[in-house]
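This report refers to the structure that appears directly beneath it.
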Amino acid sequence: FQTKNTSVEIWMDNVSLKSFDAKQWREQQDRSIDRVRKRRLRVHCTKDGRNIEGAAVKIDQTRSHFPIGGGVTAAILNNKSYEEWFTSRFNAATFTNEMKWYYTQASPGKENFTVADAMIDLMKKYNISVRGHTVLWNKDTVTPYWVKLLPKTEIFAAAVAHMANVMLRYSGDVIAWDVLNEDLHYLFYDGILGPNASSIIFQIAHALDPTTPLFLNEFNTMEFPLDRFAMPHKYVGKVREIRSFPGNERIRLKIGLEGHFWDKPILPYIRPALDILAAVNVSVWFTELDTRPGPDQARDLEAVMREAFSHPAVEGVMVWGAWRPGACNDTCLSEVVKNSTLAFTGCGKMCLVDEGIRNLPPGDTVDGLLREWRTVNATGMTDGDGIYEQSVFMGGYNITCSHPLVAGDGF
């Protein structure tokens, strides 16, 4: 509850706590999924103005309304098996590095978008949406070395030039821009532009691409309740700060939650945290979701994906299990469980497939949820009014009706 009247006291009385078990939590998720992700579909079969009773109706979903995608690397360009695996499952993609400044312009005056261009073309071929990741990163250690050597005024000019280069190049090719990565934790651009750095950068991004949603992208808001920099109310405060800056009223701002769970996910924390974020009427994405290596990795991944899919504020989920050669070999898969630092030195923290592009348990989990959250081969018969109704997941569909009386005509 909120009020702008500071003379009013807000009290909570008669608060009670009730225990719940996993079955009850799952039942609540399923009810929410039915309410948020499904709609009643009514098929009316007629021929020459006459209702057709007893027509066989078949409903097959061709595309999900809810984006479930994955992180992907340039390795997809050179491995046909991985290309087929990825494109047969996901309807969205994020390039893990290939659009970042340190990748496209490692040296001053030497831009190279060749790899990102090829990856964009590949995703277009399969009608897979792409999230633009990331325009700028508010962390000095991942800012190109040559940028940090410039005078402050020139750093800002270089940043704006890079923003223009990448955003104008791919405007229309991406469904989102991660404008400022990890803005709650790091302050590189604040040191250049002052306390309004975030608001200024988002204003520039909006001017460059006013139609594509612009994201903050942050870690630990869901993963670690004790991180005081990224607590949900801090995230809400940053959103309001950017929105209230003069000229930013029309920015299409959205919330990106990385979701790197290095510990067991705490679902009773994630749900109210999402509720807090939803209070600012901004859509939320899980942008880089992975879970801790170990025997419970797949189970933890499923738990977070179900919580995200069942929450009305969440608009999409990107699974951070990008494959690259050597990252998911037997050594990495066994040793990264014992030594988490290996995930930062070449091994994949969460592998969906092994070196042979065969599903690992997290990959099986993703496949199972993709099947569960899709309406395929739903069949039934029309009633006396020529109508068949079915509760279906939102998305694109192929629907066919057939009946002996009109065999061969099609309707």
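Evaluate the range 181-202: report whether one residue or more is open to solvent by less than 20 Å² (accessible area, probe 1.4 Å), at pLDDT 95 or above, under 20 Å from GLU249 (Cβ atoms) and among the polar types (S, T, N, Q). Yes - at least one qualifying residue is present in the range 181-202. Looking only at residues in the range 86-121 that are open to solvent by less than 20 Å² (accessible area, probe 1.4 Å) and part of a helix (DSSP H, G or I), which one is farthest from ASN181 (Cα to Cα)? Result: PHE86. Restricting VAL36, VAL43 to those that are more than 22 Å from VAL174 (Cβ to Cβ), under 21 Å from the mean Cα position of the chain (by Cα) and open to solvent by less than 50 Å² (accessible area, probe 1.4 Å) reduces the list to VAL36. For the range 297-318, a tally of residues being acidic (Asp, Glu) and open to solvent by less than 10 Å² (accessible area, probe 1.4 Å) returns 2.
Residue count for the range 242-291 satisfying the condition of being part of a loop (DSSP other than H, G, I, E, B), of a type in the set (A, V, I, L, M) and farther than 17 Å from ILE175 by Cα: 3. Inside the range 144-157, residues that are over 27 Å from the mean Cα position of the chain (by Cα) and either without any contact (Cβ under 8 Å) to a residue 12 or more places away in the chain or not in a helix (DSSP H, G or I) (or both) make up a count of 8. Checked against the criterion of being under 24 Å from PRO362 (Cβ atoms) and at pLDDT 95 or above, the range 38-55 contains not a single residue that satisfies it.
Would you mind stating whether SER81 is out of contact with any Lys or Arg (no Cβ under 9 Å at 6 or more places or on another chain), open to solvent by 50 Å² or more (accessible area, probe 1.4 Å) and in contact (Cβ under 8 Å) with a residue 60 or more places away in the chain? Taking the combined requirement at face value, the residue satisfies it.
Of the residues making up the range 379-411, those that are aliphatic (A, V, I, L, M), modelled with pLDDT of 95 or more and open to solvent by less than 50 Å² (accessible area, probe 1.4 Å) are ILE387, VAL392. Candidates are the residues of the range 94-116 that are in contact (Cβ under 8 Å) with a residue 60 or more places away in the chain and out of contact with any His (no Cβ under 7 Å at 6 or more places or on another chain); the one that is nearest to ALA158 (Cα to Cα) is THR104. Within the range 285-301, can one find any residue that is closer than 23 Å to ILE200 by Cβ and in contact with a strand residue (DSSP E or B) (Cβ under 7 Å, 6 or more places away or on another chain)? Yes, the range 285-301 contains a residue that is closer than 23 Å to ILE200 by Cβ and in contact with a strand residue (DSSP E or B) (Cβ under 7 Å, 6 or more places away or on another chain). In the set VAL353, VAL336, VAL376, which member is modelled with pLDDT under 95 and open to solvent by less than 50 Å² (accessible area, probe 1.4 Å)? When all the criteria are applied, what remains is VAL336. Tallying residues that are outside any loop (DSSP other than H, G, I, E, B) and in contact (Cβ under 8 Å) with a residue 12 or more places away in the chain within the range 208-241 yields 15.
Residues of the range 56-65 that are surrounded by 19 or more Cβ atoms within 10 Å (Cβ to Cβ) and either modelled with pLDDT under 95 or out of contact with any Leu (no Cβ under 9 Å at 6 or more places or on another chain) (or both): VAL57, GLN61. Taking first residues from the range 24-47 that are closer than 26 Å to MET381 by Cα and among the basic types (Lys, Arg) and partners that are part of a helix (DSSP H, G or I) and modelled with pLDDT of 95 or more, no Cβ contact under 6 Å between residues at least 6 apart in sequence or on separate chains turns up. The single residue among GLY294, GLY321, GLY368 that is open to solvent by 20 Å² or more (accessible area, probe 1.4 Å), part of a loop (DSSP other than H, G, I, E, B), under 29 Å from HIS133 (Cα atoms) and in contact with a helix residue (DSSP H, G or I) (Cβ under 9 Å, 6 or more places away or on another chain) turns out to be GLY294.
If I filter the range 163-207 down to residues being part of a loop (DSSP other than H, G, I, E, B) and of a type in the set (A, V, I, L, M), which single residue comes out as nearest to the chain's Cα centre (by Cα)?
Per the criteria, the residue is ILE175.
Go through the residues of the range 15-27 one by one and say whether even a single one is β-branched (Val, Ile, Thr), modelled with pLDDT under 95 and open to solvent by 70 Å² or more (accessible area, probe 1.4 Å). Yes.
The values are calculated or read from the model by the stated rules, or taken from the named source; none is laboratory data. What you see is a predicted model; the values in this text were computed from it and never measured. No Cβ is skipped: glycine too gets one built from the backbone with ideal geometry, and neighbour counts run over all protein chains shown. For the accessible areas, the whole protein counts, side chains as well, though only heavy atoms, and no ligand, DNA or RNA atoms are used. Shrake-Rupley method; radii C 1.70, N 1.55, O 1.52, S 1.80 Å.
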